[in-house]
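Asks: First the structure, which I've put down as structure tokens, then a few questions once you've had a look.
The values are calculated or read from the model by the stated rules, or taken from the named source; none is laboratory data. Note that the coordinates shown come from a computational prediction; the quantities given were computed from them, not determined experimentally. Glycine gets a Cβ as well: all are built from the backbone with ideal geometry, and neighbour counts include every protein chain shown. The protein model used for the area step is the full one, side chains on, heavy atoms only, and it has no ligands, DNA or RNA in it. Shrake-Rupley method; radii C 1.70, N 1.55, O 1.52, S 1.80 Å.
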Amino acid sequence: MYGWEFPPFISGGLGVACHDLTKALTEQGLDITFVLPKLKANISRESHVKLISGSEQELSCLIRQESSESKVSYQRYLEKIKLRQIDSSLRPYLNEKTYKEYIEQLEKTNKLSSEETHIKEERSFFKFELSGNYGPNLIEEVYRYGYIAGKIADDCKHDFIHIHDWMTVPAGINAKQSSGKPLIYHVHALETDRSGINVNKLIYDIEKQGLEAADKIIAVSYFTKKNIIEYYSIDPDKIDVVHNAVSKHKVLTRPSRFKKKAGEKIVLFLGRVTFQKGPDYFLEAAAKVLQESDNVRFIIAGTGDMIHRLIERAAELKIGNKVHFTGFLKRPEVEELFAASDVYVMPSVSEPFGISPLEAIFFDVPVIISRQSGVSEILNHALKVNFWDTNELANKILALLKYPALQKQLSQDAAAELKHIQWGKSAEKVKEIYQTTV
């Protein structure tokens, strides 16, 4: 497996899903080597999978040096090319005269002759130092990671190559070219989810290349499968759906530091504060709720490119004193926040799956989710809204806050349903896909 995240180094649901799926697969007898760009200092190598750091792989290349006795001559190329000059104010181009002078200079410098070629080869060893972050050099790192994958595929015995999301597509393709083993592309999210119609063309092209090269595709929901077919023109028969699940990693052992005022209710948004997750719709609904009920605090937990815009919008709506922006939270803080919340809202515009509502249910928090999410396919005991309908969202938040019986019943029914949403069942389906792909 090639992945960009693995706990404790995570930025969202991808790393958690990779950890829990691999754990369930190893419990069913599979041996997994999991390749990360870099093993951070706080990642233990003692795990249910064999962890490999791409940054630690020693690579080599042949440096070919031509001797001065090469018979190659650039003149033969010149003889086959007819140049026609067009006057232009641009100056970086060669005209026929300067082109000939350039060729003559090359021949003079390299002392080319018609004698026999002598090539000197020397092997150079090096490593690619990767950060494994989502920084400004992400694309460069993705391709370096992909280059490393070919060597790892040569060195490690394996039956399948399983990649997670677009960052690992070049790695999967290179590994497949090296070993010839089947490639499984596990789609947790698409560029069309993250950016809507304003896609990053480079990322979209990488995804499409991976989808076309894969022997089998795993989509985390039927919602995602539909988008793969519609936006990437992929054969539906190539795509299998395996829903994500949830594992309760830790039980809260200390009181929550998120204190409430007497009678105050907390409504929570947790996730990346970006277009895809719909935090702006959450904020608009909050303003409508506060017109009806003043003793409510809305918490937006996470970071993203919409933070400053939302802070300004909260001020415009005159609800800044009722909206709390926490920034990025570590796992213990997330658990404390779940424990303190009365309602959890996931108003995503386009959500391939969405594990966080399942996590909220562990803390007996009733959830409201958008119909435009994969988790809505398997979670029946949740209130569902269209992400754009802030009136409906506000009304359902108010209903849960006003009627404790509804809140309790929804939480209990969802908790019972959660017992059947297990990673073990997801792993069984993935194992079947491996077998049928062979």
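Asks: Please report, in cubic angstrom per residue, the volume enclosed by the convex hull of the alpha-carbon atoms of region 379-438. Let's see the in-between values first.
Replies: Working: hull volume 5.4 nm³, N = 60.
In region 379-438, the Cα convex hull volume per residue is 91 Å³.
Asks: At R0 = 45 Å, how high is the FRET efficiency between Y147 and E377 if r is their beta carbon distance? Nearest 0.05 is fine. Intermediate results must be reported in sequence, preceding the final value.
Replies: Working: r = 38 Å, r/R0 = 0.83.
For R0 = 45 Å, the calculated efficiency reads 0.75.
Asks: I need the calculated FRET efficiency for the pair E58 and N133, taking r as the beta carbon distance and R₀ as 30 Å, to the nearest 0.05. Don't jump to the answer; show the numbers that get you there.
Replies: Values: r = 23 Å, r/R0 = 0.75.
Working from the Cβ atoms, E equals 0.85.
Asks: Of P332, A301, I368, which is farthest on the positive side of the dipole of region 292-380, counting Cα position, with +1 on Lys and Arg Cβ, -1 on Asp and Glu Cβ, and the Cα centre as origin?
Replies: Of the options given, the answer is A301.
Asks: How large is ³J(HN,Hα), in whole Hz, for each residue of region 154-161 in order, when computed from phi with the Karplus curve 6.51 cos²θ - 1.76 cosθ + 1.60 and θ = phi - 60°, using x for Gly and Pro?
Replies: Ordered by residue, 3J(HN,Hα) equals 6, 7, 9, 5, 7, 10, 9, 10 Hz.
Asks: Continuing with this model, one more query. Heavy atoms only, probe 1.4 angstrom, no DNA, RNA or ligands counted: give me I218, I197, I10 ranked by accessible area, highest first.
Replies: Largest accessible area first, the list is I197, I10, I218.
Asks: Calculate the FRET efficiency for E392 and S178 from the Cβ-Cβ distance with a Förster distance of 51 Å, rounded to the nearest 0.05. List each step's numbers first, then the result.
Replies: Numbers: r = 52 Å, r/R0 = 1.02.
E between E392 and S178, to the nearest 0.05, is 0.50.
Asks: Starting from the Cα of K259, step 7 Å along the direction of its Cβ; do the same at T26; then give the gap between the two resulting points in nm.
Replies: 4.2 nm
Asks: Run the numbers for D159 and D215: contour at 0.36 nm per residue of separation, minus the present Cα-Cα distance, in nm. Walk me through the numbers on the way to the answer.
Replies: Values: separation 56, 0.36 × 56 = 20.16 nm, distance 1.31 nm.
The span from D159 to D215 would gain 18.9 nm if fully extended.
Asks: Let me ask something else about it. Per 0.36 nm of contour for each residue apart, how much would the distance between V241 and A399 grow if the chain were fully extended, relative to their Cα-Cα spacing?
Replies: Working: separation 158, 0.36 × 158 = 56.88 nm, distance 3.39 nm.
Fully extending the segment from V241 to A399 adds 53.5 nm.
Asks: Counting other C-beta atoms within 10 Å, and keeping those with at most 15, which DSSP coil GluC sites (Glu not before Pro) do you find in region 257-318?
Replies: Working: sites: E264, E284, E292, E312, E316; in loops: E264.
When the GluC sites (Glu not before Pro) of region 257-318 are filtered for loop state and at most 15 Cβ neighbours within 10 Å, E264 remain.
Asks: Now a separate question. Under the 0.36 nm per residue contour assumption, what length would be gained going from the current alpha-carbon distance of A339 and D205 to full extension?
Replies: On the way: separation 134, 0.36 × 134 = 48.24 nm, distance 4.15 nm.
Separation in residues times 0.36 nm, less the Cα-Cα distance, equals 44.1 nm.
Asks: Additional query: List the chymotrypsin sites (Phe, Trp or Tyr not before Pro) in region 301-362 that DSSP assigns to loop (not H, G, I, E or B) and whose Cβ has at most 13 other Cβ atoms within 10 Å. Which are they?
Replies: F328
Asks: Something else: With a 1.4 Å probe and every protein chain left in place, tell me how much accessible area S233 has, in Å² to the nearest 10.
Replies: 90 Å²
Asks: Okay, next question. Place a label point 7 angstrom from the Cα of E316 along the Cα-to-Cβ direction, then list the residues of region 270-299 whose backbone nitrogen is under 19 Å away.
Replies: Residues passing the 19 Å test: 273-291.
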